[in-house]
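Take a look at the structure below.
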There are 2 protein chains.
Amino acid sequence: MIINQDQKKRVEKWFCELRNSICAEFEAIESEYSSEASSVFTRKQWDRATGDDTHGGGGEMSVMKGNVFEKVGVNISTVHGKFSDEFAKKIPGADDNSNEFWASGVSLVAHPRNPHVPPAHMNTRMIVTSKGWFGGGGDLNPIFDISEDAQFFHEAFKNTCDRYDPEYYPKFKEWADDYFFIPHRDEARGVGGIFYDYLDSGDWDADFAFTQDVGKTFRDAYCALVRQNMNKPWSDEEREVQLIKRGRYVEFNLVYDRGTIFGLQTGGNTEAILMSLPPVAKWD
Amino acid sequence: MIINQDQKKRVEKWFCELRNSICAEFEAIESEYSSEASSVFTRKQWDRATGDDTHGGGGEMSVMKGNVFEKVGVNISTVHGKFSDEFAKKIPGADDNSNEFWASGVSLVAHPRNPHVPPAHMNTRMIVTSKGWFGGGGDLNPIFDISEDAQFFHEAFKNTCDRYDPEYYPKFKEWADDYFFIPHRDEARGVGGIFYDYLDSGDWDADFAFTQDVGKTFRDAYCALVRQNMNKPWSDEEREVQLIKRGRYVEFNLVYDRGTIFGLQTGGNTEAILMSLPPVAKWD
């Protein structure tokens, strides 16, 4: 699909609004948890421009280190430029168009302090080459097997998906299960969620609305799960299990996560890319 | 060079002897540090055989969690089989010989508890295809810039190298500097050491003697550095710096280290490969 300037602006604006509403909710959760020591996000802008037409745009990181969220980052970025010839071959529509691309997105990784509050990840994005499409998803990474939490998270996404296409949820759930898997450990990163890419149904407004709803669904479902679990007591042993599980998260992100590897090896913003890593992790 | 069975046996035996002497020295260090709570290595064997001729051999991990060494692993392995066609193309002599290979080596990674005791890594190995060669090296990863430690470590390797060939040390030092570098952080992993590969001078006995001396040099120099620093007091702030530096170590090993990536993605022994990861690490 051909994407015009107005559409790009609307998408970029939405990712910023979603970021704002998520940060506001997370700060509200910190206040509810402890009215005395409330935490807030710190923002930091970064610039991708290098003086030529291959690298343009930039982004803004938002990081909070709080009592509920030991570390949570919400990044937005809108970048444009030219892919290398090598990379352009792998991207739909990129080699039709002088390798030019435009991409905007929002990414979130939350590492809660309480081992009973599940870590989570969400990303939604629009990519434009000579084609244009949406991608994204969200996944939950509980330390312990709390099947009600997993069920609640999946049902929220299923309800949203079903409003658009009954085939979305089963397809996007399977995609998440395939993607968020750690082969060398022969274990899943978490309990999954949804993952989708190259979404171009022919109805851009519907695809954009779906992507907006994925972000809102994640926000609302995850905030509910955090509030539901954040006051549960935990033991030193449970903390240890959490830190080992975080080590697995590090392994997935550094060994397999496509965005992380691509970003690190092509001169992306290291600080923004590695915002996803936990504040502390352990290995046996 | 053509390698015979007797040579393979001598090499495998040496790696086992080196492992034994290093473990004995590290246990002695633990006893010197605290005569009451002495720590010992725990050994665990693993088997690489899968029932066909592509995967044979195995190895033995030795891990100690002590007071001086928060975590130290010394692994030996002797494996043989057939490379995939894809991989064989990248290995000297492998595609001349039905992709067959034999490899034996010893690997060590030490993560000391005291931030003033530098972490260190050592590996030596012999690889046999239709050709045969030695490789290995050692590098030091101090948390703080203790130039005397770095100088002592480098001088030890230089003395050893110079006994064999005056070109070895400058060449192998540069190789280590190039290899142990973290591009996305634009920083070195540590202060380097030596790194060599494809060593086949035409005099197998000399190459084997050199590889033995690299192992002994590492053992003696590193043990001296540990003893010299292990009783220094440290602060919480210094511990924090150490844990952040360990995060960088994790990044290097999971994103760039060729042995780690190859091992994980080709079904190697995950526990032995990831023995290198620190017991605990932090990210900002």
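The values are calculated or read from the model by the stated rules, or taken from the named source; none is laboratory data. What you see is a predicted model, and the numbers here were worked out from it, not measured in a lab. For neighbour counting, all protein chains shown are included, and Cβ atoms are generated from backbone atoms with ideal geometry for every residue, glycine included. For accessibility, only protein heavy atoms count, side chains too; no ligands or nucleic acids. Shrake-Rupley method; radii C 1.70, N 1.55, O 1.52, S 1.80 Å.
Just one of the numbered conditions (1) in a loop (DSSP other than H, G, I, E, B); (2) within 27 Å of B:G202 (Cα to Cα); (3) modelled with pLDDT of 95 or more is not true of B:V40: (2). Is it the case, given these coordinates, that B:K173 is assigned to a helix (DSSP H, G or I), away from every other protein chain (no Cβ under 14 Å) and not small (G, A, S)? So B:K173 fits the description; yes. Scanning region B:245-256 for residues that are more than 15 Å from A:Y256 (Cβ to Cβ) and either touching a Leu at 6+ places or on another chain (Cβ under 7 Å) or surrounded by 20 or more Cβ atoms within 10 Å (Cβ to Cβ) (or both) turns up B:K245, B:R246, B:G247, B:Y249, B:F252.
When each of B:V117, B:V109 is tested for being aliphatic (A, V, I, L, M) and part of a loop (DSSP other than H, G, I, E, B), the lone residue that passes is B:V117.
Check whether at least one residue in region B:87-97 is surrounded by 18 or more Cβ atoms within 10 Å (Cβ to Cβ) and within 19 Å of the chain's Cα centre (by Cα), and report yes or no. No, that holds for no residue.
Limited to region B:107-131, what total is found for residues that are under 30 Å from B:V241 (Cβ atoms) and among the aliphatic types (A, V, I, L, M)?
Total satisfying the criteria: 6.
One residue stands out among those in region A:235-274 that are of a type in the set (G, A, S) and closer than 19 Å to A:Y179 by Cβ: the one that is nearest to the other protein chains (Cβ to nearest Cβ), which is A:G263.
Of the residues making up region B:43-58, those that are among the charged types (D, E, K, R) and modelled with pLDDT under 80 number 2.
Report, by residue number, each residue of region A:200-224 that is in contact with a strand residue (DSSP E or B) (Cβ under 7 Å, 6 or more places away or on another chain) and either within 14 Å of another protein chain (Cβ to nearest Cβ) or open to solvent by 20 Å² or more (accessible area, probe 1.4 Å) (or both). Of everything in region A:200-224, just one residue is in contact with a strand residue (DSSP E or B) (Cβ under 7 Å, 6 or more places away or on another chain) and either within 14 Å of another protein chain (Cβ to nearest Cβ) or open to solvent by 20 Å² or more (accessible area, probe 1.4 Å) (or both), namely A:D200. Within region A:99-111, one or more residues are open to solvent by 50 Å² or more (accessible area, probe 1.4 Å) and in contact with a Lys or Arg (Cβ under 7 Å, 6 or more places away or on another chain). Within region B:1-19, the set of residues being in contact with a strand residue (DSSP E or B) (Cβ under 9 Å, 6 or more places away or on another chain) and assigned to a helix (DSSP H, G or I) comprises B:Q7, B:K8, B:V11, B:E12, B:W14, B:F15, B:C16, B:L18, B:R19.
Any idea how many residues of region A:170-180 are closer than 28 Å to A:D284 by Cα and open to solvent by less than 70 Å² (accessible area, probe 1.4 Å)? Number of matching residues: 4.
Here B:S21 does not qualify as under 30 Å from B:L243 (Cα atoms), out of contact with any Ser or Thr (no Cβ under 7 Å at 6 or more places or on another chain), of a type in the set (G, A, S) and crowded, with 19+ Cβ neighbours inside 10 Å.
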